[in-house]
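Right, one structure below, let's go through it.
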Amino acid sequence: MKIPESKAGVVMLLLSFLCLFAALIFVFLDPLATSVRAEEIMGYDISIQMSNKHPFLVDHSRKLIIKKNNRKITEQSLYQDSGSRVPLSVFIDGKNIIFIDCNGYWYELDSTNDKFKTIDWLWQKGLPNNYIGTFRLRKGENQTSFLKEKIITTATVYLFKDP
């Protein structure tokens, strides 16, 4: 069945308006940007902020946010979550907090001077001994949870060899 050109033009115009309307809602409301409650670790409030990267897919950008006494110490971009609920593993090493992202980047927060730094890309390096938990996106939600995994190995920490 062939749609007459005049009706096809009207249909295309309506579809264009619907797409524009959906895009405007997404841009101005950004309903999927979320900052979760912070976990307190060694006196620091640590959270992961998720923001949707696509209006229809489950891609999320992730940012590690660290505060102390309501003062932001750092905001570090992390590896993108494409819907597989990628982890950020957290360890204590003396007076330092070590963060290992799913793609092998290590970060360190020195609690003696509140300095945060990127250590390096240390893919498959052995894990520090004092594991305290993992930030991970909750299944079916747009928020992260901080939980202690029953088993923590290099295979559960390092997921994407993508520096």
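Read-outs: derived from the displayed coordinates by stated rules, not from any lab. Note that the structure is predicted; figures quoted are calculated from it, not measured. In this analysis, Cβ positions are derived from the backbone assuming ideal geometry, glycine residues included, and neighbour counts consider all displayed protein chains.
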Notebook entry, point to check: For region 94-111, in order, what is each residue's ³J(HN,Hα) by Karplus, 6.51 cos²θ - 1.76 cosθ + 1.60 with θ = phi - 60°, in whole Hz (x at glycine and Pro)?
Noted result: x, 9, 10, 9, 9, 10, 10, 7, 4, 9, x, 7, 9, 10, 9, 10, 8, 6
Margin query: Along the Cα→Cβ direction, 7 angstrom out, place labels at Lys150 and Asn129. What is the inter-label distance in nm?
Written below: 2.6 nm
Note to self: Using Cβ contacts closer than 10 Å as the measure, can you line up Leu78, Leu147 from fewest to most?
What the structure shows: Leu147, Leu78
Item checked: FRET efficiency, 1/(1 + (r/R0)^6) with R0 22 Å, evaluated for Asp114 and Asn70 via beta carbons -> 0.95
